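Take a look at the structure below.
The values are calculated or read from the model by the stated rules, or taken from the named source; none is laboratory data. Worth saying up front: this structure is predicted, and the values here are computed from it rather than measured. When we count neighbours, we look across all protein chains shown, and the Cβ atoms used for this are built from the backbone with ideal geometry, even at glycine. These area figures cover heavy atoms from the full protein model, side chains too; ligands, DNA and RNA do not enter into them. Shrake-Rupley method; radii C 1.70, N 1.55, O 1.52, S 1.80 Å.
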Amino acid sequence: MNMSGVSTVTEFILLSFPCSREIQVLLFMLFFVSYILTLMGNGAIVCAVKLDHRLHTPMYILLANFSFLEICYINTTVPNMLKNFLSETKTISFTACFFQFYFFFSMGITETFLLPLMAFDRYLAICRPLHYPNIMSSHFCMNLVALCWVTAFLCYPVPIYFITQLPFCGPNTIDHFVCDPGPLLALSCIPAPGIELSCSILSSLIIFISFFFILASYTLVLRAVLRVPSAAGRRKAFSTCGSHLAVVSLFYGSIMVMYISPTSGNAAGIQKIVTLFYSSVTPLINPLIYSLRNNDVKAALRKIHMCTKSSQSK
C-alpha cells in the first residue's frame, strides 16, 4: 500500500514487549484477564445506569458515557496487543496502523473532554444547587456529551493525514505496542519538525486547557464545600468529588508525561509502561473507584445482581 506516493513500507512491526515465548504467553493471559475484567466492570456501570431509573440524572449519564468510552478505548489497543503476544510476525498494515493511531487518540481526547464536563457538572451541583436542575438537564447533558465526542474525533484527521504523506522507506519496526506518533515520526525517511511541533502543540493545548478547567472547577467547589457548616455535608460533597479527582489524577498524570512532547527522548520502555498505564490500567480500576465510593451505583449493581439471580432460579 502506498499512501504517500513515495512510501515503500506496506506494514509495520509492533515489537510490543520482546521476551521469551513463555513470558509472552504469560503476558497474554494476564492482559486477557485484565481486558475481560475491564469490559465487565465498565459494562456493569453502563447497565446499572441504563436499567435503574434513579440513576437517570446528568451525573450518572456522564459516568455511563465515561465507562462506555473506556470500553471503546481499550478496544483500540488491547485486542491487537493480545494478538501480537501469540503472533510470530507481530505485523500491522500501514492503513491499520494509522486507523489505530486515529481512534486511540480520538478516544483519548474524548476522555480529556468528558473529564472537565464531569467537573463542571459537580461545580454546578455544589456551587449552584438551586439553578442546577434548570442548567444541567438530561437533554442538555446529552448534547454536551455528543459535542465532546464529535469535537474529539475532528481534532486529529489533519495531523494524521500529513504524517501519512511522509516517506516511510524502512526500517518499519515500532518499539511499542501501539502506533504512537513519536515512534512513527522517528521512522520517517526525512525529518518532520513541523508535524512534530504541531502534534506537540495540539496535545499540549488540549491537555492543559482541559486540566486547568478541571482545576478551576474544583477550586470553586472546594471553596464552596469549606463554607458548608455541617461536617456531614462537607463529607458528602468531598465523597461525591473524590472519585472523579482520583480518576483525573491517574489519567492526566500519565498523559502529561507522554504527550506534551511526543518525541522528547523518553526511553522506549518508559513510553510503553506509561502508555500501558493510562490505556489499559486506568480503564480497569476506574469502575472500582466509582462503584466502591458511590452508594447509588453499588445499590443499582446489587439490584441487577438480585434480578439476575432471580431470573436464573426460575
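With the whole protein complex present, Glu196 retains an accessible surface near 70 Å², based on a 1.4 Å probe. In the chain, Cα pairs under 8 Å separated by at least six residues give a relative contact order of 26 percent. Taking the longest Cα principal axis of the chain as reference, the axis of helix 58-75 is set at about 20 degrees. Calculated mean residue ellipticity, 222 nm, the chain: -24500 deg cm²/dmol, from DSSP H runs (n ≥ 4) at -39500 (n - 2.57) each, averaged per residue and rounded to 500. Taking 25 Å as R0, compute the FRET efficiency from the Cβ-Cβ separation of Phe153 and Ile13 and round it to 0.05. FRET efficiency, Phe153 to Ile13: 0.35. For Glu11, the residues whose modelled amide H falls within less than 5 Å of its own, excluding neighbours fewer than 5 places apart on the same chain, are Phe94.
Whenever you get a sec, line up Lys90, Lys83 from highest to lowest accessible area (probe 1.4 Å, protein heavy atoms).
Lys83, Lys90
Taken over the chain, lysine pairs spaced eight or more positions apart, or on distinct chains, with alpha carbons under 28 Å apart number 12.
Distance between the modelled labels on Leu187 and Cys72, one decimal in nanometres: 2.6 nm (7 Å Cα→Cβ projection).
For mean projected area of the Cα convex hull in nm², the value calculated from this model appears in [x] 16.1; [y] 19.0; [z] 14.9 under label [y].
Per-residue SASA remark: Val257, around 80 Å² accessible (1.4 Å probe; ligands, DNA and RNA not included).
I'd like to check one number: the per residue accessible area of the chain, probe 1.4 Å, reported in Å² as a whole number.
Details: 14990 Å² over 314 residues.
Per-residue accessible area for the chain comes out at 48 Å².
Expected output is a single nm value to one decimal: the length gained when fully extending between Phe28 and Asn143, i.e. 0.36 nm times separation in residues minus the C-alpha distance. What is it? Spell out each step's value before the answer.
Working: separation 115, 0.36 × 115 = 41.40 nm, distance 3.91 nm.
Extending this stretch completely gives an extra 37.5 nm.
Farthest towards the positive end of the charge dipole of the chain, among the residues Ser137, Tyr102, Cys72, is the Cα of Ser137, using unit charges on the Cβ of Lys, Arg, Asp and Glu. Across Phe94, Phe99, the residue with the most accessible area heads the list, and the full order at a 1.4 Å probe is Phe99, Phe94. For the stretch 248-256, 3J(HN,Hα) computed residue by residue from phi via the Karplus equation (6.51, -1.76, 1.60; θ = phi - 60°) reads 4, 4, 5, 6, 5, x, 7, 6, 5 Hz, glycine and proline entered as x. Rolled with a 1.4 Å probe across the full set of protein chains, the surface gives Cys155 an accessible area near 30 Å². Taking the protein heavy atoms of the chain in the context of the full set of protein chains, the accessible area attributed to carbon and sulfur is 71 percent at 1.4 Å.
Starting from the residue with the highest accessible area, list Met81, Met256, Met29 in decreasing order, probe 1.4 Å. Numbers along the way, then the final one.
On the way: Met81 0, Met256 55, Met29 110 Å².
So, going from the largest accessible area down, we get Met29, Met256, Met81.
Tell me, in nm to one decimal, what length is gained between His56 and Thr219 on full extension, where the rule is 0.36 nm per residue of separation less the Cα-Cα distance? It would help to have the intermediate numbers written out before the result.
Numbers: separation 163, 0.36 × 163 = 58.68 nm, distance 2.72 nm.
Length gained, His56 through Thr219: 56.0 nm.
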